[in-house]
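What follows is one structure encoded as structure tokens, with my remarks underneath.
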Amino acid sequence: MDTSLEAVFKEFDGRKEELISILQETQTRLGYLPKKALLKISRFIHVPESKVYAVATFYTQFRFFPVGKTHIMACRGTACHVRGAPRILNEFKACLGIEEGETTADLEYSLETVACIGACGLAPCAMINDRVQGKLTPKKVAGFFHRSEKNELSL
């Protein structure tokens, strides 16, 4: 068994009531919930894997793919939508070569949309890692990807 999962399981009793907490701790340690982990969790708490998967897919906090080093969350809330969020999302997709919910093959970037990041006065906006980027335009998004010699996002 994966040593990270062994460490997670040591913190719990193996009861089905602990499922969400086990999923959260597994994701914290691994960065996402791989299929193998879901199977091992189902065995640990003695419930069918389908039930573990059903719970994990119900909550938006859980991820089933690794998140890139740079995690981009494009806001699709009302204020952002009215001010051009679809164009901003399309520019991120074009620059990264991935779709919403995907991670680049080199694990450098992840792109997802969120209902609202709570920065409506800066609409349209996105969070890049823990930093809000506001009043975005497609040109500004494209400008983020003029990389330095270290191949980093230039913010």
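The values are calculated or read from the model by the stated rules, or taken from the named source; none is laboratory data. Note that the structure is a prediction, hence the values are computed from the model and not measured. Ideal geometry is used to build each Cβ from the backbone, glycine not excepted, and the neighbour counts take in all protein chains shown.
Odds and ends about this structure:
- Qualifying residue in the range 5-13 (condition: closer than 27 Å to Ile128 by Cα, out of contact with any Gly (no Cβ under 9 Å at 6 or more places or on another chain) and not aromatic (Phe, Trp, Tyr)): no
- Take the conditions (1) modelled with pLDDT under 95; (2) within 26 Å of Leu38 (Cα to Cα); Glu149 misses just one of them, which is (2).
- Output for the range 114-128, where each listed residue is more than 13 Å from Glu91 (Cβ to Cβ) and not in a helix (DSSP H, G or I): Val114, Ala115, Cys116, Ile117, Gly118, Ala119, Ala123, Cys125, Met127, Ile128
- Index of the failed condition, Pro48 passing every other in (1) crowded, with 18+ Cβ neighbours inside 10 Å; (2) in contact with a helix residue (DSSP H, G or I) (Cβ under 7 Å, 6 or more places away or on another chain): (1)
- Single residue of the range 129-145 satisfying the filter (part of a helix (DSSP H, G or I) and free of Cβ contacts under 8 Å to residues at least 24 places away in the same chain) that is farthest from the chain's Cα centre (by Cα): Lys139
- Test: Thr70 is touching a residue at least 60 places away in the same chain (Cβ under 8 Å), under 26 Å from Lys135 (Cβ atoms) and either not assigned by TED's automatic domain parsing to the domain that holds Leu136 or not charged (D, E, K, R) (or both): yes
- Counted as qualifying within the range 19-98 are the helices (runs of 4 or more DSSP H) with 3 or more residues that are closer than 24 Å to Ala7 by Cβ and modelled with pLDDT of 95 or more, namely 19-30, 35-45, 49-58.
- Any hit, the range 32-41, residues being in contact with a Lys or Arg (Cβ under 7 Å, 6 or more places away or on another chain) and surrounded by fewer than 16 Cβ atoms within 10 Å (Cβ to Cβ): yes
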